[in-house]
Amino acid sequence: MERLTNLKIPVVIVCVALCWAFMADPLISRLAQRLEPGHQDLFRSLNDFTVMLLVSLVLYRRISRQAREVRRTRDDYRRLFEEVPVPMFIFDSRSFRFLAVNTAAVSHYGYSQEEFLQLKLTDIRPPEEVPAFLAAVGQVPGRYADAGRWLHRKKNGEVFYVRVFSHHTVFEGVAAKQTLVIDIDQKVRTERALAEKTAELENVLESMTDAFYTVDRDWNFTYINRKYERVQGRKRAGLLGRNMWELFPYGKERCYFKEYDRALREQVSVHFEEFNTFNGMWVSASAYPIKSGLAIYFRDITEEKLMREKIVRDGQNLRAIINNTRDLIWSVDRDFNIITGNGAFWERVEKLTGKRPETISNADFGEEVMQPFRLNYSRAFRGEAFLVVRERELEGHKHFEELSFNPIFGEQQEVTGVNCFLRDITAQREHVGQIEKQNDKLREIAWIQSHKLRLPVANILGLAELSRAGCSAADELIPLFCREAGRLDALIREITLLTDEL
């Protein structure tokens with residue numbers, strides 16, 4: 001359309017000139033009859049000159065106007081090239097030398113206009129990318145083309161990712177390519193970081209010891225980790241995209257569906273334990289709402305469940321044992337606060353303070369009671385296990401008690417508390433006292449037998465020897481026999497009395 005408009009004016013001028021020539025010639029012939037022959041030729045020449053002058057003036061004016069429009073259009077294109085806010089440049093298609101660069105390219109790459117025009121396109125690329133560039137540049141079509149993602153290099157050596165758009169053009173008579181460059185470095189690095197994090201997350205999910213999977217709002221599987229495959233004995237390829245309740249209908253019969261549905265409807269996290277009838281194990285399941293549906297993980301707690309039941313039974317048995325003894329058993333933490341105690345202990349505490357176990361604190365015990373215990377607790381907290389015996393008056397009677405303090409060690413072998421045992425040993429001490437008294441009596445009897453009893457026995461034996469020898473002093477021996485016999489009888493009575501006291 002524009003070309004027809006441009007041709008219209010010259011055609012009109014030529015038509016007007018031809019009309020003028022055809023109309024002017026008869027008029028000039030008539031006028032020439034009134035002029036002299038020399039004036040006729042001059043008049044004809046003047047007419048031709050006038051026509052040529054008018055045509056020339058019209059054409060000149062038209063050409064001048066078009067030239068101004070061309071210059072204005074060229075300036076507009078030049079300004080558009082210069083002022084576009086993304087880097088643009090034109091380079092020679094054969095030598096790859098820069099022919100023109102815009103202001104954004106100068107600002108972005110750090111080169112001046114003069115420096116740019118001394119460079120080739122290969123100079124703004126890392127050396128390792130040049131072969132790929134040379135292989136790809138010849139394949140760019142003659143029309144507009146997306147040349148893809150590349151690495152470019154700034155003047156300071158910084159390398160960054162760009163997206164290149166290019167097309168063929170002619171610049172000042174030279175076959176060239178005009179290129180627009182979009183800096184996508186931040187986007188690429190963000191995508192890479194996101195991809196790395198995604199890969200890291202997938203690696204974590206794949207290495208989890210718990211079975212993990214996600215479902216959409218229609219209960220279709222969207223992700224399954226390796227542990228879930230092993231637990232269910234099925235490959236994820238046959239599960240992804242399929243409805244979980246159609247594949248595992250038993251779940252609707254248990255509390256799985258109720259809890260998962262509540263998590264999805266109310267957008268809340270749920271946690272529960274349930275028996276899995278499909279593979280005969282107890283599981284601990286948790287579900288968390290996500291944007292697309294639910295994230296669910298579960299783990300096999302069959303052994304843990306059995307262990308917990310065993311711990312409960314053992315705890316019941318242990319409580320039965322410690323509560324069936326009259327010895328006091330309790331433990332304290334590092335702040336000397338009571339952690340636990342058996343029935344006998346709490347009975348003693350309630351008797352001393354008048355308070356129930358759940359309301360007891362260290363402030364309920366007098367300082368004269370707590371001070372000795374604090375010293376013993378501190379000693380045990382240093383890692384020492386020891387026994388102490390104390391004597392106290394209770395209900396008007398003297399009582400003896402044996403206290404055992406034993407440190408409780410944590411996982412790092414640090415002392416986390418003290419376990420204490422208190423046993424009334426009054427009867428034992430009395431029994432030991434009786435035994436000691438008996439021992440004293442026996443020692444006294446033994447001393448009498450070994451010292452006092454030997455003397456009259458020796459005397460009697462001596463007198464007997466004299467009487468066998470036919471001694472003439474028989475009358476004198478008889479009183480001596482009687483005396484020693486009396487002494488022997490007295491000692492026997494003394495031993496009898498001591499024996500009766502045992």
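About its Cα centre, segment 280-428 has a charge dipole of approximately 380 debye under the convention of +1 per Lys or Arg Cβ and -1 per Asp or Glu Cβ, with nothing else charged.
The alpha-carbon atoms of segment 159-205, seen along their principal axes, cover 61, 15, 12 angstrom, with the largest extent given first. Summing charges over neighbours of Gly110, with a neighbour being any other residue whose Cβ is under 14 Å away from its Cβ, gives -2 when K and R count +1 and D and E count -1. Here the relative contact order of segment 207-272, from alpha carbon pairs under 8 Å that lie six or more residues apart, stands at 23 percent. Determine which residues of segment 172-207 fall in the zone a paramagnetic label at Arg226 would reach in this model, i.e. backbone nitrogen under 14 Å from the point 7 Å along Cα→Cβ. Residues passing the 14 Å test: 202-207. For Thr340, the residues whose amide H sits under 5 Å from its own are Ser331, ignoring neighbours fewer than 5 places away on the same chain, with H placed 1.01 Å from N. The gain in end-to-end length when the Lys351 to Ala427 segment is fully stretched comes to 25.2 nm, 0.36 nm per residue minus the alpha carbon separation. For Ala136 and Leu194, the difference between the fully extended length at 0.36 nm per residue and the C-alpha to C-alpha distance is 18.0 nm.
In the full protein context, segment 245-382 carries 61 Å² of accessible surface per residue, based on a 1.4 Å probe and ignoring ligands, DNA and RNA.
Dipole of segment 333-398 (Lys/Arg Cβ +1, Asp/Glu Cβ -1, origin at the Cα centre): which of Thr353, Gly383, Ile338 lies farthest to the positive side? Value: Gly383. Taken as Cα centroids, segment 371-415 and segment 221-300 sit 53 Å apart, rounded to the nearest whole angstrom.
Values of log10 I(q)/I(0) for segment 210-310 across q = 0.10, 0.15, 0.24 Å⁻¹ run -0.25, -0.58, -1.48, by the Debye formula with one identical scatterer at each alpha carbon and no solvent. In order along segment 236-249, the Karplus-derived 3J(HN,Hα) couplings, from 6.51 cos²θ - 1.76 cosθ + 1.60 at θ = phi - 60°, round to 5, 4, x, 10, 4, x, 9, 6, 5, 6, 6, 7, 10, x Hz, and Gly and Pro are given as x. Ligands, DNA and RNA excluded, the heavy atoms of Asp261 present near 40 Å² of accessible surface to a 1.4 Å solvent probe.
Between Phe386 and Glu83, the contour length at 0.36 nm per residue exceeds the Cα-Cα span by 100.1 nm. Take the alpha-carbon centre of segment 109-173, take the same for segment 317-360, and report the distance between them in whole Å. Taking the Cα centre of each part, segment 109-173 and segment 317-360 sit 84 Å apart.
Only protein heavy atoms count here; on that basis, with a 1.4 Å probe, Lys197 has an accessible area of about 130 Å².
Between Val204 and Ile301, the modelled labels are 2.2 nm apart [label points 7 Å from Cα along Cα→Cβ].
Where Lys and Arg each count +1 and Asp and Glu each count -1, what net charge lies around Ala385 among other residues with Cβ under 15 Å from its Cβ? So the surrounding residues net to 0.
The solvent-accessible area of Glu196, taken with every protein chain present and a 1.4 Å probe, is close to 120 Å².
The values are calculated or read from the model by the stated rules, or taken from the named source; none is laboratory data. Quick caveat, the model's predicted, so the values are computed rather than measured. Positions of Cβ are generated from backbone atoms using ideal geometry, with glycine treated the same way; all protein chains shown enter the neighbour counts. With ligands, DNA and RNA removed, areas are computed over all heavy atoms of the protein, side chains included. Shrake-Rupley method; radii C 1.70, N 1.55, O 1.52, S 1.80 Å.
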